[in-house]
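Below is one structure, written out as structure tokens; the observations come after it.
The values are calculated or read from the model by the stated rules, or taken from the named source; none is laboratory data. As the structure is a prediction and not an experimental result, all values here were calculated from the model. Positions of Cβ are backbone-derived with ideal geometry, glycine not excepted, and every protein chain shown enters the neighbour counts. SASA here: full protein model, heavy atoms, side chains in, ligands and nucleic acids out. Shrake-Rupley method; radii C 1.70, N 1.55, O 1.52, S 1.80 Å.
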Amino acid sequence: MIALLCLIFLVGYFWLIFKLTRWFYRSACNKGIPSSLARLLGGLVAVAGLAVVFWDAIPTWYTHYHLCETEAGLKVYQTPDEWMKENPEQFTQVRAAAGREFKDAIRSRDRTATEEISRTELTKDFVYEDRRYLTWNYAFHTRRFNERIVYKPTGKILFENTDFFSASGSGSLANGANSLADYKFWNVTGSCERAYTGMSEKFKFRGLTFNDFDKVIEGWNKK
């Protein structure tokens, strides 16, 4: 229903801009203004009308693209195989505890005013962290997401994934939307990798993704 109302609004809005632009053009011509100048003025009216609703579309997508280009991607500080070879004794301890079942009690969640951190133990001493920022970290409702694998005894990060997306326009009456910006679905960018297929290599290391490395760690908990 909400989608249908938005579609009706947009159709009506475009129709109104078209009518206003045409009226402005004809009025200018009737007053003796040259046709080329009348078209230019009519175009400015159309641009101004569209900008009332769509003014933030380009800045939103530019902000998202810039952050994806400069900050997003997979960072590998040490692969699971490298850590295993460098820490044979610790790896032996991890394997000795293999087969352990991780109940809900092992999972934890910390929440502050700005972020929520969910932690799940994958094996003995290795934790998956998912950091979700609760406030808009950047302009135009752009948020940063981060997931990482941490060696708990030292706090060392083995590898992490950073992504961005703009959620402006993803609202609805059901989840508390209270402004026009919440309904601007054309501002929803999606993740960097999905929005810009050319950036897929930023989320790989030697051809492997975060999930590939994550599965190696999880495999250490299997007998």
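Restricting region 79-122 to residues that are surrounded by fewer than 11 Cβ atoms within 10 Å (Cβ to Cβ) and among the acidic types (D, E), the residue that is farthest from the chain's Cα centre (by Cα) is E89. Taken as a whole, the structure places E147 among residues that are under 26 Å from F205 (Cα atoms) and assigned to a strand (DSSP E or B). (1) open to solvent by 10 Å² or more (accessible area, probe 1.4 Å); (2) in contact with a Phe, Trp or Tyr (Cβ under 9 Å, 6 or more places away or on another chain); (3) not assigned by the TED database to the domain that holds N161: which one isn't true of Y62, the others all being true? It is condition (3) that Y62 fails. On inspection, T154 does not qualify as at pLDDT 75 or above and under 22 Å from F54 (Cα atoms). The residues of region 55-96 that are touching a residue at least 40 places away in the same chain (Cβ under 8 Å) and not in a helix (DSSP H, G or I), listed by number, are D56, E71, A72, G73, L74, K75, V76, Y77, Q78, T79.
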